[in-house]
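Data first, discussion second: the structure below is written as structure tokens.
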Amino acid sequence: TVEGNISGSGNIYSNHVYPNADDTYNLGSSTLRWNDIFAVQTTTGGIFEAGLRTENIGSNPTGTIVVWRDDKLIPCDSNEDELVMGVIKNGKDEPIVLGAEPVLVTGKVKVGDYIVTSDKVGHGKSVKRRYLLKKNLFGKVIAQALEATTDDSDSHLIKCMIRKQ
């Protein structure tokens, strides 16, 4: 028995369901969600945390690092904030908490550097492993750089592995 409707544009071939176009259609919405999904494996991009939904936080640029303050998400604005929660994708009011996604950083960053919040609004900065251990920054790391910046300028958008550490 099927309760509910599956509508939209797609095709069923040999017990597989495919959309008619790549990266075009949604399955559910923020107000009409599936209760639970069971799968043997999943292949996905960034993981967004619905429990941290903050109205209009998605109006920030993609890559904005956000922290939890006064019961909501805001762009980071201080160094090494322990309440760092995730990274924004423009148009989404939930932050990315896991995935290889673009992150705003300031200054020089090398592949493998750890990313913590900075005092440049919405931006992270790099710290090396030795500094991370010396300053006990666990719980303050939001990502690890998968790309390097080309210079030490004020703002770069680079791919990082987002995961709070």
- request: Take the Cα atoms of the chain, find their three principal axes, and give me the spread along each one in whole Å, biggest first.
  value: 58, 34, 27
query: Based on the alpha-carbon gyration tensor of region 107-165 and its eigenvalue square roots a ≥ b ≥ c, which shape applies: rounded if a/c is under 1.5, prolate if not and a/b is larger than b/c, or oblate?
result: prolate
- line: Rounded to one decimal in nm, the spacing of the 7 Å Cα→Cβ label points at Asp119 and Leu137 is 1.6
query: How do 69-77, 136-144, 109-117 rank on mean C-beta neighbours within 10 Å, highest first?
result: 109-117, 136-144, 69-77
- prompt: Roughly to the nearest percent, how much of the accessible area of region 69-165 is carbon and sulfur, given a 1.4 Å probe?
  reply: 48
statement: Of the listed pairs Lys89/Lys135; Lys128/Lys159; Lys72/Lys120; Lys92/Lys135, those with alpha carbons more than 28 Å apart are Lys89/Lys135; Lys92/Lys135
field: Stretch gain in nm, segment Lys159-Ala50, where the contour uses 0.36 nm per residue and the Cα spacing is subtracted
entry: 37.0 nm
field: Gain in span if fully extended, Gln41 to Leu27, counting 0.36 nm per residue against the direct Cα distance
entry: 3.3 nm
query: Along the principal axes of its C-alpha atoms, what lengths does region 54-117 span, in descending order and rounded to whole Å?
result: 34, 22, 19
field: Prolate/oblate/rounded label for region 70-159 (Cα gyration tensor, a/c 1.5)
entry: oblate
query: Taking 0.36 nm per residue of separation and subtracting the Cα-Cα distance, what length does fully extending Ser59 through Ser78 add?
result: 4.8 nm
query: What does the helix-only formula give at 222 nm for the chain: each DSSP H stretch with n ≥ 4 adding -39500 (n - 2.57), the total divided by the residues, and the result rounded to the nearest 500 deg cm²/dmol?
result: -1000 deg cm²/dmol
- request: Calculate one ³J(HN,Hα) per residue across region 18-35 by plugging θ = phi - 60° into the Karplus curve 6.51 cos²θ - 1.76 cosθ + 1.60, and present them in order as whole Hz with x for glycine and proline.
  value: 10, x, 7, 8, 6, 6, 10, 10, 9, 10, x, 8, 5, 10, 10, 9, 6, 5
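The values are calculated or read from the model by the stated rules, or taken from the named source; none is laboratory data. Fair warning: this is a prediction, and the values are worked out from it, not measured in the lab. Cβ sites come from the backbone with ideal geometry, for glycine too, and all protein chains shown count toward neighbours. SASA here: full protein model, heavy atoms, side chains in, ligands and nucleic acids out. Shrake-Rupley method; radii C 1.70, N 1.55, O 1.52, S 1.80 Å.
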